[in-house]
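To start, the structure itself, in structure tokens.
The values are calculated or read from the model by the stated rules, or taken from the named source; none is laboratory data. Only a predicted model underlies this, so the values are computations on that prediction, with no experimental measurement involved. Here Cβ is always computed from backbone atoms with ideal geometry, including for glycine, and neighbour counts include all displayed protein chains. Just the protein is used for accessible areas: all its heavy atoms, side chains included, with ligands, DNA and RNA removed. Shrake-Rupley method; radii C 1.70, N 1.55, O 1.52, S 1.80 Å.
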Amino acid sequence: SRKLVVEQGGLEAVESLLIARFMMFSTVYFHHAVRIATLMVQNALLDAIKAGEVGKPELLLLGDEEMLSKLCTVPDSKALAQSVRDRRLYKRAYEAAISDVGKIPAKLQEKLSEETGCKVLVDIPYKFWRTPEISILSEGELSRIGKASLLVKSLSEAQHSRLRLIVACEQKDVPKVASAAKKILG
């Protein structure tokens with residue numbers, strides 16, 4: 001297998017690129033509004049597929065606007081799709097560091113929706129960072145970048161504090177959803 005090897009003099013440039021990538025994930029891709037909008041579209045798609053109104057291959061061929069338009073015609077997904085289209089995103093009712101939550105109950109989204117009587121969406125984040133397979137060549141010796149760079153090593157540790165579980169719902173339902181989420185998740 002092919003691996004990237006960088007000479008010691010290029011370490012700072014590689015660190016800069018990796019830090020920029022980490023920060024993009026942390027602040028842009030994992031921004032709560034982006035995650036909630038994504039969650040709303042995913043749930044609208046799942047609702048439409050479960051209702052048998054659209055098939056998976058059909059959706060893969062559509063662009064974003066075409067897909068939202070299609071989902072707005074499906075009774076089971078219309079509310080979520082129209083909200084995304086109109087930029088009326090769900091709001092955070094509960095948020096916590098994944099490391100503080102402990103064991104997350106199975107079917108948490110369904111439990112919260114049932115308990116509160118409203119549509120609740122839950123986003124459990126995935127780990128977005130892993131130390132890349134880059135080696136640093138210094139004085140004829142190869143070492144992995146996570147060993148050669150304290151900055152890169154610290155990114156793995158920093159990820160843990162930035163992974164946050166989000167529970168979202170319509171603005172009007174935030175108080176009751178927040179209360180139910182706190183009760184279940186602590």
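Side notes on the structure shown:
- Membrane-span-like helices of the chain, defined as complete DSSP H segments with a Cα extent of 15 Å or more along the helix axis and a mean Kyte hydropathy of at least -0.5, are identified as 11-23, 32-50, 150-162, 174-185.
- The Cα-based radius of gyration of the stretch 1-118, divided by its Kirkwood radius, gives an Rg/Rh of 1.12.
- Of the solvent-accessible surface of the stretch 56-163, computed with a 1.4 Å probe and all protein chains present, 52% belongs to carbon and sulfur.
- Highest mobility in the GNM of the chain, judged by mean-square fluctuation with C-alpha springs under 10 Å and restricted to 175, 57, 105, is found for 57.
- In summary, the stretch 1-41 shows an alpha-carbon radius of gyration equal to 1.73 times the 2.2 N^0.38 Å reference for compact globular proteins.
- Nearest-20 debye value, the stretch 70-186 charge dipole, Cβ charges on Lys, Arg, Asp, Glu: 400
- Counting DSSP beta bridges with both ends in the chain, the antiparallel % (nearest 5): 75
- Contact order normalised by residue count of the chain, Cα under 8 Å, 6+ apart, percent: 30
- Over 18 Å (Cα to Cα) - which of 50/70; 50/91; 107/182 fall in this group: 50/91
- Convex hull (Cα only) mean projected area of the stretch 35-186, reported in nm² to one decimal: 12.3
- Note on surface exposure: 150, 137 rank 150, 137 by accessible area, highest first, 1.4 Å probe.
- FRET efficiency for the residue 28 to residue 88 pair, using the beta carbon distance and R₀ = 22 Å, is estimated at 0.55.
- Counting 0.36 nm for each residue step from residue 5 to residue 124 and taking away their Cα separation leaves a gain of 39.4 nm.
- Stokes-Einstein D (µm²/s) once Rh is taken as the Kirkwood radius of the stretch 90-159 over alpha-carbon pairs, at 25 °C in 0.890 mPa s: 156
- At most 15 other Cβ within 10 Å, DSSP loop - chymotrypsin sites (Phe, Trp or Tyr not before Pro), the stretch 81-186: 126, 128
- Efficiency of FRET between residue 64 and residue 171 - r from beta-carbon atoms, R0 25 angstrom, step 0.05: 0.55
- Residue 38/residue 138 FRET efficiency (R0 45 Å; Cβ-Cβ; nearest 0.05): 0.65
- Label-to-label distance, residue 46 versus residue 99, with points set 7 angstrom from Cα along the beta-carbon direction: 2.8 nm.
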